1. How would you classify the chain from its alpha-carbon gyration tensor, with a ≥ b ≥ c the square roots of the eigenvalues: rounded for a/c under 1.5, else prolate if a/b is greater than b/c, otherwise oblate?
2. Which percent of the accessible area of the chain is formed by carbon and sulfur heavy atoms (probe 1.4 angstrom)?
3. Rounded to the nearest 0.05, what FRET efficiency do His52 and Lys94 have when you use their Cβ-Cβ distance and R0 = 22 Å?
4. Note the full-extension length gain between Lys125 and Asn59 as 0.36 nm times their separation in residues minus their Cα-Cα distance, in nm to one decimal.
5. What lysines does Lys20 reach when the alpha-carbon gap must be under 24 Å and sequence neighbours fewer than 8 apart in one chain are set aside?
6. With the cut-off at 1.5 for a/c, could you classify the range 63-137 from its C-alpha gyration tensor as rounded, prolate or oblate?
7. For the range 55-130, run through the GluC sites (Glu not before Pro) and keep only the ones in DSSP coil with at most 15 other Cβ atoms within 10 Å of their Cβ.
8. Are there chymotrypsin sites (Phe, Trp or Tyr not before Pro) in the range 1-80 that DSSP puts in a loop and that have at most 13 other Cβ atoms within 10 Å, and which ones?
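The values are calculated or read from the model by the stated rules, or taken from the named source; none is laboratory data. All values derive from a computational prediction rather than experimental measurement. As a convention, Cβ positions derive from the backbone with ideal geometry for all residues, glycine included, and neighbour counts pool all protein chains shown. When the accessible area is computed, the model is the full protein with side chains, heavy atoms only, and any ligands, DNA or RNA have been set aside. Shrake-Rupley method; radii C 1.70, N 1.55, O 1.52, S 1.80 Å.
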Amino acid sequence: MEQTLSIIKPDAVAKGVIGKILDRFESNGLRIAAMKKVQLSRKDAQEFYAVHKERPFFNDLVDFMISGPVVVSVLEGENAVAKNRELMGATNPKEAEPGTIRADFAENIDANAVHGSDSLENAKKEIAFFFSQREIS
Ligand code: ATP
Ligand code: MG
């Protein structure tokens, strides 16, 4: 059993598709072990995406992630990290497989509806960034 971190990004929250996205997880064997809606501060977003701080899109990414509330959840299931990435689709929604979350709900590479941890190691760090042990069950 693995756990991974999912973020429903500000574009998808603003569009009113939180429920539709959560349904993709629950209908595909990922259980919601923890969940909350949060408005990230600039410092939160900079810290969360620190791996990208040298990339040219870093400031735009941070601005976007704080542009409205996000829904953060811990997803649990067999191969949860890879399973969630598969359900999300490619980073650029134009390249995402039909039927994936990004193909169905994302506008462009900046506003791409969801985040998902990219490895088990990062999943552990990202879960600890948002949740205490008592919030996960
Ligand atoms: P995420 O980490 O949000 O789940 P990802 O793992 O598919 O997405 P990353 O390479 O980690 O993609 O990039 C993080 C985020 O930065 C992307 O979701 C996207 O919004 C933005 N991003 C990535 N590459 C670009 C790019 N070339 N131009 C603009 N924004 C980008
Ligand atoms: Mg990533």
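1. Values: a/c = 1.42, a/b = 1.09, b/c = 1.30.
Rounded, since a/c falls under 1.5.
2. Details: 3540 of 7310 Å².
In the chain, the share of accessible area belonging to carbon and sulfur is 48 percent.
3. On the way: r = 20 Å, r/R0 = 0.92.
According to the calculation, E is roughly 0.60.
4. Answer, rounded to one decimal: 21.6 nm.
5. Cross-link targets: Lys9, Lys36, Lys37, Lys83, Lys94.
6. Taking the square roots of the gyration eigenvalues as a ≥ b ≥ c, the range 63-137 is oblate.
7. Here the sparse-neighbourhood loop sites are Glu78, Glu107.
8. Taking the range 1-80 and a limit of 13 other Cβ atoms within 10 Å, the loop chymotrypsin sites (Phe, Trp or Tyr not before Pro) found are Phe57.
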